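The values are calculated or read from the model by the stated rules, or taken from the named source; none is laboratory data. Model, not experiment: these values are computed from the prediction. We place every Cβ from the backbone using ideal geometry, glycine too, and count neighbours over all the protein chains shown.
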Amino acid sequence: MSVSLEIYEQARNNNIVLYLKGDQLAYVSEEGGFPAQLKEQIREHKDSIISFLKQLREKEQAKADPMLITPVDNKTLLPLSYAQQGLWFVDKLEGGSSQYNIPAAFRLRGALNIDAIHRALDALVERHEVLRSIFVVDNGEPFQRVMPSERVAFPVIDLAEMEAAEQQAEVNKQVVQEMSKTFDLSTDLMLRAKLLRLSADEHIMMFTMHHIVSDGWSQAVLVREFIHFYDCFCKGVASTLAPLEIQYGDYASWQRKFYDEQALDQQFAYWKERLDGAPKRHSLPLDYARLPQQKFAGRTYTWMVDDRLRTKIKSMAKQRGSTLFMVLYSVYSIVIGRWSQTRDVVIGSPIAGRTHPQVAPLIGYFINSIVYRSQWEKDTSFAQLLEQNRVNTLVAYDNQNIPLETLVDKLKVSRELSHSPIFQLMFTLQNNETSELDLPGLQVESLGGDNDIIKYDMEMEAAELDSGIQFLWNYSTYLFNEQTVESMAESFNVILEQIADNPDIAIEQLKLQRSARHVELPKLEAQPIHLQFEQMVQQQPSAVAIESEQGYLTYAQLNGRANQFARYLQAQGFSAIDTLYVDLPHTQSRYVAMLAALKLGASYSYDVLDASSDQWRVTETGSHTSSPKEMVMMYELFEHYDQSNLYDVFVSVFNDALQYGKHSLSHQAVYRQIQSQLATQSINHDAQVLLSPDNCYVSASDWLGALLAGAKLHLVQSNEALALAIASGAITHATMSAAQLASIPWQPDYQVQQLCITQADTNMQLLWQWASAYEVRSILNVGPYSYLSQVKVSSEQVFNLGVMSDYQPLLVLHESKQVAPVGARGRLYLQGDTSDAHIDTGLTARVLADGTFELLASPALEVSSQQLQVEQFIARQQYVEQVAVTDDNVSIRYSRDCEDVNAALATLIHIMKHSLPAYMVPEHLLPVPQLPLLQSGAIDRKMVKQQVAFWQSHIKAFAQLPVNNLSSKPLAARDKVAFVLDEQAQQALVRLADMLSIDLPRALCVALTIAQSIHEESKIVSHALSGVTVAHLVEPVRSVINLNQLDEGLPITELLTQLSAQLELALSCGAVDKSWVTQQYNDYHNSKQDSLYSLEVNFEKPENISRLETQKQDVNVAGVVLQISTIDLHRVKGEWYVDTDLYSSSTISALTSGLNAVLPWLTRQELHTLVEVKQQLKEQVRNRMRSAKRKFKPGGIRK
């Protein structure tokens, strides 16, 4: 019990009543009934008794009226209001900033009473305790402490002696400095003032307050009372303002008690449900990448809506029981949604927060922010959305008392320095009371500062004036440019005009611009493609058209054979209504077949058919089906047909030429592509054009365009041969994917004149390197549509989709097929052969003000906007050749120049943390030697996901790997041990490959796994593989770790099948950096493995062994390396490179012997399990030992 309470109770026991008369202590007692000792105690503890009685009075008043705010003791630490606590937290989070400064500057002309100004400031600070409160921390919690009233610092800076220009420059400087100067909340007065003297009758007055003690309403109070005090001090009269009943600290204390946890939880339940599933950030496309820490510099775009339109809008709102606020907010959310291509928009709006009548005359931070969420469906009308928002707005008003910062905490929204939580867009309809600074005897002019401050990404303010509605669209200059905001403002106005006349219009049908960008297909005097080719044949019949490993064909020879094969197809019943599926290797025959189909007015395709498909098909060897529509490409079958052109076959430019999935391209469409290609590449009859195996299938223009230009086509059989072709010096032009380019060693002295690269947006560093020596263009190919846009690549300059082709116009459309405004997100379409035909590219993009296209996302490939931004950022970093982001994982291929992948990853992580917002920094980085590809050359993201999942599960599954040692000894310094399969083992290997339907390298790896298990007497076996070909990889696998845990009880056939499947999974998904895998394994299992394997098998065929021996050593080199030099049906041989400091050569020879011994047993049907195989091998060894003893026993029989 406190001393004050004890004295109070003792007085009551003596029939003495202690009470307060005003703020003075008084008492009532019976005459002579006041003990002297009690009197002495009361005198001694008078102040504490007064404080106690005040608290008692407040409690009684609160019981009578909980809404009543009563004064509290301002000499104690006072709580912060909920709103203040939010600002205090932001200030601490950002280390102090000027974003919450409320500055004002005025030019004063006339006789200024400086002393009256100063005294008026003093009077304001004395009257409003909040202006002299500081913010301190006690036991980890923030409080405000009211400081004694003192004179306000009021510096006067005399600039009267300066020249006019110098004076104005200094004024501008002083105003900007004052506006941007930060407050120290723990020590500073929350009101600053400064006066600049320009002359005897001209001054600049500057005020700055911190938002933690003020809001829009407070500014009006402050101005009004400042004018009053200044006038009083000028006239020498006393103030007539009534004393304030309460102070802001009283309100904060009351708020904490009235809106306790229980009361706030009731409102929180509403907000939790309302914001469930809401987007964390808006989806507006940004003109500048978001920074890791938000910048608060902004600008304002201003426009007016005239009174005529205002009247129509308000009339429409009234008819629907809505307010102007509800209409404008709904339109704002539609602009954001349509520009973002989303139907779920979250916007904040300030609310005065002065619901309590006692706080009206106070200066303080009462404002709160309400969160509004607009959601609509495809067919929702504006009127329906307005009604939804009307209802939701009214319910939100009923739940406005939960402070935004408390809502953030309760929703567990992560706070990031890059943007505000819950919403980043603000809408305000100004209705605060305003007061002009009208000082007696002075002309006052308000000055605007140049350092506009913005707290959110975008803030729209609307205010009703006599002439209409004024709109101020504030935007962050670190995220948006003025052209974008101006275009959005046009969308806002256009929507207002439409809904004013027709509120029932569907939201998705609302126009967003007054005049849409219109494109037309250029008229081309096109002939069918094959006729144009025949004209080139006439011009240069003896020129080489195609050169390959099989030799070459001149233009006349290619044309003649195509004519012969066309007549052969006719004889089999093939006609213009059919499609020829070309299933041929990349040889001259492929082009003969495709040209033949075009000459008959038919189309060709390369879709793989199943064996039962009843379609026209040409193959190399036949035997796929017994269908009469399947033909074999053998010259002997059609060499007797006429080689002349087929003049009797009529072909229109509208005939289909190419079938690709659901797409059909006419001769005219292909010709447009060819024109686009020739406008991008300078191809003529001197050009040597390289074609990779897939280019001619996917893109018709790549081969037809070259032939129509009279160039020579160079065919390569595989992606590995691309590098050899480029290095040969014969190639001048090439079109390939970025992944294919990454497989070619960079050299500055190739003879290449132009490179056109597809799928290049996440390969910037790679293209920059090539652009330093060659002309490189990034082109957009989508499915069979090629050269849709192009951009010339320059070193260190970020590029995107570039400009569209004149011959193949591109459009960014919204779902309703409306053309999107410049800067708005939409779906990228290709204009078809007619104005109403649009071909969906599957890409999300936008048109920029300069007419170029920017890729924003690739939904068809499951690449979101955020993932694309991360990919493009990483692609610009040193040594990065390819990158793919899937979920929270990033797969990165580094160039051969990167000597330390782990160090490169550490550097990348550091750069990302300092350059990207925290939410964009990926959780896992996965270095890979290569990335899986689709046929188009795009990264196969589904396979990338499988890679990530494979290693996440694989690392966890193998908890107890045997110790594996690394070697730092170069291969040239190691012992060499011959590796050869004997004849019996060789035959068994061939049988094993046939039994498992795999190639010989894979069969050898399966057998080696079992041999290793037996040799090492371990059920867990690991080794690394290099040089094995995998279908979806451009190059053979550089390096993959093959981990296996053998189940010796399985039937041998099942075990072999299991090992084969595991090997294929490892080859498909396991191509990752070996040192990275080891590090991840050690981190997960808390182990200290140097490597996850000690043996590596290399199937790559170097030009000579010396190149292998002298190649640069990796930090993760196996102690034993098996280099296979020959592997075919007749022979398998190679050499072991053994670090004898770690392993003996005899041990490795024993492993070879074990492999030769085990292979024949693996294909024998009489053995059922690996245990039986081991038993047979042991018996075989014992028999050999017994035979050896008999052979060398004295007196024994010699054979």
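Can you find a residue that is in a strand (DSSP E or B), hydrophobic (A, V, I, L, M, F, W, C) and under 30 Å from residue 100 (Cα atoms) anywhere in segment 293-300? Explain how you work it out, then say what you get.
The first filter runs over segment 293-300 and keeps only residues in a strand (DSSP E or B), leaving 297-300.
Checking the rest, the ones that are also hydrophobic (A, V, I, L, M, F, W, C) come to 297.
Remaining after also requiring under 30 Å from residue 100 (Cα atoms): 297.
Yes - at least one qualifying residue is present in segment 293-300.
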Subject >> Every pair of residues 6+ apart whose Cβ atoms lie under 7 Å, when the first sits in segment 630-654 and is in a strand (DSSP E or B) while the second is among the β-branched types (Val, Ile, Thr) and at pLDDT 90 or above >> reply: 631/618
Original post:
So which of 540, 615, 557 ends up being surrounded by fewer than 17 Cβ atoms within 10 Å (Cβ to Cβ), at negative phi, out of contact with any Pro (no Cβ under 6 Å at 6 or more places or on another chain) and modelled with pLDDT of 95 or more?
Top reply: 540
Original post:
Out of all the residues in segment 94-112, is one or more modelled with pLDDT of 85 or more, part of a loop (DSSP other than H, G, I, E, B) and within 30 Å of residue 236 (Cβ to Cβ)?
Top reply: yes
Subject >> Criterion violated by residue 976 - all others in (1) in a helix (DSSP H, G or I); (2) surrounded by fewer than 16 Cβ atoms within 10 Å (Cβ to Cβ) satisfied >> reply: (1)
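Out of everything in segment 739-769 that is assigned to a loop (DSSP other than H, G, I, E, B) and of a type in the set (A, V, I, L, M, F, W, C), what residue ends up being nearest to residue 721 (Cα to Cα)?
Taking segment 739-769 first, the residues assigned to a loop (DSSP other than H, G, I, E, B) are 743-753, 759-763.
Right, trim to of a type in the set (A, V, I, L, M, F, W, C) and you get 744, 746, 752, 760.
Details: 744: 9, 746: 15, 752: 16, 760: 21 Å.
Going through the qualifying residues, I end up with 744.
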Original post:
When only residues in segment 1124-1145 that are in contact (Cβ under 8 Å) with a residue 24 or more places away in the chain and of a type in the set (Ser, Thr, Tyr) count, which is farthest from residue 1094 (Cα to Cα)?
Top reply: 1125
**OP:** Could you please find all residues in segment 575-586 being in contact with a Leu (Cβ under 7 Å, 6 or more places away or on another chain) and touching a residue at least 40 places away in the same chain (Cβ under 8 Å)?
**Re:** 576, 586
Original post:
Give me the pairs: first residue in segment 833-852 and surrounded by fewer than 11 Cβ atoms within 10 Å (Cβ to Cβ), second residue of a type in the set (A, V, I, L, M, F, W, C) and assigned to a loop (DSSP other than H, G, I, E, B), beta-carbon distance under 9 Å, and six or more apart or on different chains, which are they?
Top reply: 834/521
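Pull up segment 1-30, narrow it to residues that are of a type outside the set (A, V, I, L, M, F, W, C) and more than 16 Å from residue 48 (Cβ to Cβ), then point me to the one that is surrounded by the most Cβ atoms within 10 Å (Cβ to Cβ).
Going residue by residue through segment 1-30, those that are of a type outside the set (A, V, I, L, M, F, W, C) are 2, 4, 6, 8-10, 12-15, 19, 21-24, 27, 29-30.
Pick out the ones that are also more than 16 Å from residue 48 (Cβ to Cβ) and you get 12-15, 21-22, 29-30.
On the way: 12: 11, 13: 9, 14: 12, 15: 11, 21: 8, 22: 6, 29: 16, 30: 9.
Checking each candidate, the answer is 29.
In segment 1-71, which helices (runs of 4 or more DSSP H) lie fully inside it and hold 3 or more residues that are more than 30 Å from residue 256 (Cβ to Cβ) and modelled with pLDDT of 75 or more? It would help to see each step written out before you state the result.
Details: elements: 3-13, 36-44, 46-64.
Answer list for segment 1-71: 3-13, 36-44.
Working carefully through the options 570, 532, find the one that is under 25 Å from residue 616 (Cβ atoms), in a helix (DSSP H, G or I) and touching a helix residue (DSSP H, G or I) at 6+ places or on another chain (Cβ under 7 Å).
Details: 570 fails: touching a helix residue (DSSP H, G or I) at 6+ places or on another chain (Cβ under 7 Å).
On inspection, the qualifying residue turns out to be 532.
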Original post:
How many residues are of a type in the set (Val, Ile, Thr) and touching a Gly at 6+ places or on another chain (Cβ under 8 Å) when one looks only at segment 788-818?
Top reply: 3
Subject >> Filter result for residue 305 (more than 20 Å from residue 277 (Cβ to Cβ), in contact with a helix residue (DSSP H, G or I) (Cβ under 8 Å, 6 or more places away or on another chain), assigned to a helix (DSSP H, G or I) and of a type in the set (A, V, I, L, M)) >> reply: no
Subject >> Among the candidates 218, 186, residue that is among the polar types (S, T, N, Q), in a loop (DSSP other than H, G, I, E, B) and touching a residue at least 12 places away in the same chain (Cβ under 8 Å) >> reply: 186
**OP:** Determine if segment 106-124 includes at least one residue that is aliphatic (A, V, I, L, M), in contact (Cβ under 8 Å) with a residue 12 or more places away in the chain and under 22 Å from residue 71 (Cα atoms).
**Re:** yes
**OP:** Return the total of residues in segment 782-819 being free of Cβ contacts under 8 Å to residues at least 24 places away in the same chain and within 21 Å of residue 663 (Cα to Cα).
**Re:** 1
Subject >> Within segment 897-911, tally of residues that are free of Cβ contacts under 8 Å to residues at least 40 places away in the same chain and surrounded by 13 or more Cβ atoms within 10 Å (Cβ to Cβ) >> reply: 6
Original post:
Hey, any hits in segment 526-533 for a residue that's closer than 30 Å to residue 382 by Cα and crowded, with 18+ Cβ neighbours inside 10 Å?
Top reply: no
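Of the residues 970, 962, 1001, which single one is surrounded by fewer than 18 Cβ atoms within 10 Å (Cβ to Cβ) and in contact with a strand residue (DSSP E or B) (Cβ under 9 Å, 6 or more places away or on another chain)?
Result of the check over 970, 962, 1001: 962.
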**OP:** Name the single residue, out of those in segment 709-738 being of a type outside the set (A, V, I, L, M, F, W, C), modelled with pLDDT of 90 or more and outside any strand (DSSP E or B), that is nearest to residue 538 (Cα to Cα).
**Re:** 710
**OP:** Identify all residues within segment 1135-1150 that are closer than 19 Å to residue 981 by Cβ and in contact with an Asp or Glu (Cβ under 9 Å, 6 or more places away or on another chain); write none if there are none.
**Re:** 1136, 1137, 1138, 1145, 1148
Original post:
Here are 283, 253, 239: which of them is under 30 Å from residue 920 (Cβ atoms) and either hydroxyl-bearing (Ser, Thr, Tyr) or surrounded by fewer than 15 Cβ atoms within 10 Å (Cβ to Cβ) (or both)?
Top reply: 283
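For residue 172, state whether it is out of contact with any Phe, Trp or Tyr (no Cβ under 9 Å at 6 or more places or on another chain), in contact (Cβ under 8 Å) with a residue 60 or more places away in the chain and more than 21 Å from residue 226 (Cβ to Cβ). Give the derivation first.
Numbers: out of contact with any Phe, Trp or Tyr (no Cβ under 9 Å at 6 or more places or on another chain): yes; in contact (Cβ under 8 Å) with a residue 60 or more places away in the chain: yes; more than 21 Å from residue 226 (Cβ to Cβ): yes.
When the stated conditions are applied, residue 172 passes them.
Scan 169, 160, 193 and give me the residue that is of a type in the set (Gly, Ala, Ser) and either over 18 Å from residue 105 (Cβ atoms) or over 48 Å from the mean Cα position of the chain (by Cα) (or both).
Values: 169 fails: either over 18 Å from residue 105 (Cβ atoms) or over 48 Å from the mean Cα position of the chain (by Cα) (or both); 193 fails: either over 18 Å from residue 105 (Cβ atoms) or over 48 Å from the mean Cα position of the chain (by Cα) (or both).
So the residue among 169, 160, 193 that is of a type in the set (Gly, Ala, Ser) and either over 18 Å from residue 105 (Cβ atoms) or over 48 Å from the mean Cα position of the chain (by Cα) (or both) is 160.
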**OP:** For segment 931-943, indicate whether the set of residues that are touching an Asp or Glu at 6+ places or on another chain (Cβ under 7 Å) and surrounded by fewer than 20 Cβ atoms within 10 Å (Cβ to Cβ) is non-empty.
**Re:** yes
Original post:
Can you tell which of 679, 687, 706 is at pLDDT 85 or above and out of contact with any strand residue (DSSP E or B) (no Cβ under 7 Å at 6 or more places or on another chain)?
Top reply: 679
Original post:
Where residues in segment 119-154 are polar (S, T, N, Q) and part of a strand (DSSP E or B), which of them is nearest to residue 215 (Cα to Cα)?
Top reply: 133
Original post:
Name the pairs: first residue in segment 741-760 and in the same structural domain as residue 692 (by TED's automatic domain parsing), second residue aromatic (Phe, Trp, Tyr), Cβ to Cβ under 6 Å, at least 6 apart or on different chains?
Top reply: 752/774; 755/774
